[in-house]
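Everything on this sheet refers to the single structure shown next.
The values are calculated or read from the model by the stated rules, or taken from the named source; none is laboratory data. Keep in mind it's a predicted model, so treat the numbers as computed, not measured. Glycine gets a Cβ as well: all are built from the backbone with ideal geometry, and neighbour counts include every protein chain shown. All accessible areas refer to the heavy atoms of the entire protein, side chains included, with ligands and DNA or RNA removed. Shrake-Rupley method; radii C 1.70, N 1.55, O 1.52, S 1.80 Å.
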Amino acid sequence: MTEKTNNIKKIAEIIIRIAVVLISLCMIYWYAISGYIAFGNVVGIMIFAAIGIIAAFFTPVKELLGKIRKKKAGKMITNILLVMIVLFCIYCAAAIGLMLYGANNPPEEGATLVVLGCQVRGKEPSHTLRLRLEAACRYLNENPRAKAVLSGGKGDHEEISEAQCMYNYLTEKGISPDRLYIEDKSTTTNENIRFSEEIIKKNGLDPRLAIATDWYHEFRAGLICRRQGYSCGAVSADTAGYLTAHLVTREIFAIANEVIFKH
């Protein structure tokens, strides 16, 4: 290999390392601007901090790995770690693909809408809940015979239940109260669907469901619905950009938890 080729290779490596560090810093910033200290943020920041550090100190890291791999046990451990990292990356890509698939699965015309609750600030919907309600309102206006179950209990620091907040918002937007049913006991997605099922059966509502929630959440919500014997489609809401990294990361692990531990 000529000196010129070596120099080109070194320059390319430096450019790639700088790009990886910059991308990692951008991702860390994206997680941080959500303002939350939560699972999705912590995990995401740790992952991209590790990637950035490895890129910045690639040469000493490479030398350290070389020393570790000279020993049989060290080689076996690093091989296992490499396989785990590759599998994790494949899973993350697959999970995001499933989220996108779930978000683009339209409901059948006239299906009963189940609006999944989200944080209420006092008596007003949070930005995330407002986006879900806007999607719900569009669906109900486009399907004038459809009914809706508003599902969400009362959390800490909330003056009213999420369901009541949603009811107030939709009736203010002109949706008739007799089209809306309140389910105000649930605290998880599984409970949202299970408790809504009771209302659907009790009131003889159409068993075909349309789920109104954030796009990244549609696949898991649909998974729970199908597990309980319902066909369903997605009425997907946008997600605030500054929250997307945090929420999608959290959902990647939530899907795995749903599939492995709640099947």
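A few notes on this one:
- R0 of 51 Å, Cβ-Cβ distance Lys70-Lys262: FRET efficiency to nearest 0.05: 0.70
- Apportionment of accessible area to carbon and sulfur, the range 53-211, percent (1.4 Å): 59
- Per residue, the average separation of C-alpha pairs within less than 8 Å and at least 6 apart gives the chain a relative contact order of 23 percent.
- Sequentially through the range 128-145, phi angles give Karplus couplings (6.51, -1.76, 1.60; θ = phi - 60°) of 5, 5, 4, 5, 5, 5, 5, 5, 5, 4, 4, 5, 5, 6, 6, 10, x, 9 Hz, Gly and Pro residues having no value and appearing as x.
- Near Gly233, the amide H atoms lying under 5 Å from its own belong to Glu108, Leu209, Ala210, Ile211; only residues 5 or more places off or on other chains count, and H is placed 1.01 Å from N.
- The range 163-263 shape via C-alpha gyration tensor axes, a/c threshold 1.5: oblate
- Partnerless cysteines, meaning none of the other Cys C-beta atoms lie under 4.7 Å away, in the chain: Cys26, Cys89, Cys92, Cys118, Cys137, Cys165
- Taking amide hydrogens as placed 1.01 Å from N in the peptide plane, the amide H of Tyr181 sits under 5 Å from those of Ala148, Val149, Leu150, each at least 5 positions away in sequence or on another chain.
- Distant-in-sequence amide H partners of Arg121 (H built 1.01 Å from N, under 5 Å): Ser126
- The gain in end-to-end length when the Asp206 to Tyr101 segment is fully stretched comes to 35.4 nm, 0.36 nm per residue minus the alpha carbon separation.
- Placing a pseudo-label 7 Å from each Cα along the Cα-to-Cβ vector at Gln228 and Ala50 gives an inter-label distance of 3.6 nm.
- Shape call, the range 56-182: gyration tensor on alpha carbons, a/c limit 1.5: prolate
- With both labels modelled 7 Å from their Cα along Cα-to-Cβ, the Asn190 to Met84 distance reads 2.6 nm.
- With only Cα atoms counted, the range 129-222 has Rg and Dmax values of 12.5, 35 Å.
- Relative contact order [Cα under 8 Å, 6+ residues apart], the range 6-146, whole percent: 15
- Within the chain, DSSP assigns beta bridges of which about 10% are antiparallel (rounded to the nearest 5).
- Whole-Å distance, taken between Cα centres, linking the range 199-238 and the range 84-108: 18
- In degrees, nearest ten, helix 189-202 long axis to first principal axis of the chain (Cα): 20
- This structure gives mean projected area of the Cα convex hull in nm², computed directly, and of (1) 14.8; (2) 18.0; (3) 19.9 that value is listed as (2).
- The mean accessible area for residues of the chain, using a 1.4 Å probe and ignoring ligands and nucleic acids, is 57 Å² per residue.
- Candidates Cys232, Met76, Gly222 compared by Cα position along the dipole of the chain: farthest toward the positive end lies Met76, with charges placed on Cβ.
- Subtracting the Cα-Cα distance of Ala240 and Glu134 from their residue separation scaled by 0.36 nm leaves 36.8 nm.
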